[in-house]
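Engineer: Submitted below is the structure of interest, expressed as structure tokens.
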Ligand SMILES: [Zn+2]
């Protein structure tokens with residue numbers, strides 16, 4: 001069985017948002033933010049996505065915040081069906097990504113971006129969110145490296 005990979009540098013973000021919209025049913029800001037967040041996790045961890053990585057989301061199961069989780073599935077390839085996406089919290093737009101080699105990172109939507117989305121100040125249904133630099137959308141911990149995690 002051939003497994004797919006995701007290359008965040010080469011991805012067509014518009015096509016990916018379209019795919020996400022087909023999965024999710026509508027295109028909202030949290031869907032787009034989830035896609036961007038998943039891609040950013042792959043970039044920071046230098047990971048090909050889909051397998052060998054798990055995502056632990058604190059975005060819960062109540063829309064619109066939980067729409068983030070569908071974006072995570074599209075952007076990182078961590079999915080409910082494969083068991084490598086789990087919901088571990090219920091109120092925070094933060095996701096921890098852990099690679100099989102022990103490297104991990106937590107990424108959270110910046111407070112100012114979250115407020116703007118919640119106030120409806122970011123409209124165009126995510127068009128702006130597709131192109132903004134990741135560091136203007138998210139804050140993240142510095143990745144823990146596999147060597148420090150596994151060295152005795
Ligand atoms: Zn939604």
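All of the numbers you see were taken from the coordinates with simple rules; none came from a lab. As the structure is a prediction and not an experimental result, all values here were calculated from the model. Here the Cβ positions follow ideal geometry from the backbone for every residue, glycine too, while neighbour counts run over all protein chains shown.
Engineer: For the chain, what does -39500 (n - 2.57) per DSSP helix run (n ≥ 4), summed and divided by total residues, give at 222 nm, in deg cm²/dmol to the nearest 500?
Structural biologist: Value at 222 nm, helices only, nearest 500: -11000 deg cm²/dmol.
Engineer: Which percent of the Cα-Cα distances in the stretch 13-143 go past 21 Å?
Structural biologist: 30 percent
Engineer: Among 83-90, 32-39, 70-77, what's the highest-first ranking by average C-beta atoms within 10 angstrom per residue?
Structural biologist: Descending packing order for the listed peptides: 32-39, 70-77, 83-90.
Engineer: Which angle from 0 to 90°, rounded to the nearest 10, does the C-alpha axis of helix 13-24 make with the longest principal axis of the chain?
Structural biologist: Its long axis makes an angle of about 80 degrees.
Engineer: Multiply the residue separation of residue 142 and residue 11 by 0.36 nm, subtract the distance between their alpha-carbon atoms, and state the gained length in nm to one decimal.
Structural biologist: Separation in residues times 0.36 nm, less the Cα-Cα distance, equals 44.8 nm.
Engineer: Test of understanding: what is the full-extension gain from residue 115 to residue 131, defined as 0.36 nm times their sequence separation minus their Cα-Cα distance?
Structural biologist: 3.9 nm
Engineer: Could you put 138, 30 in order, starting from the residue whose Cβ has the fewest other Cβ atoms within 10 Å?
Structural biologist: In order of increasing Cβ crowding within 10 Å: 138, 30.
Engineer: I've got another one for you. In degrees, nearest 10, range 0 to 90: what is the angle between the Cα axis of helix 29-45 and the longest Cα principal axis of the chain?
Structural biologist: The helix 29-45 is inclined about 20 degrees to the chain.
Engineer: If you don't mind, there's one more thing I want to ask. Kindly put 97, 51 in sequence by how many other C-beta atoms sit within 10 Å of each C-beta, fewest to most.
Structural biologist: 51, 97
Engineer: Further, regarding this structure: If r is the Cβ-Cβ distance from residue 100 to residue 22 and R0 is 25 Å, what FRET efficiency results, to the nearest 0.05?
Structural biologist: 0.30
Engineer: Treating the angle as unsigned and between 0 and 90°, give the value, to the nearest 10°, between the Cα long axis of helix 67-76 and the longest Cα principal axis of the chain.
Structural biologist: 50 degrees
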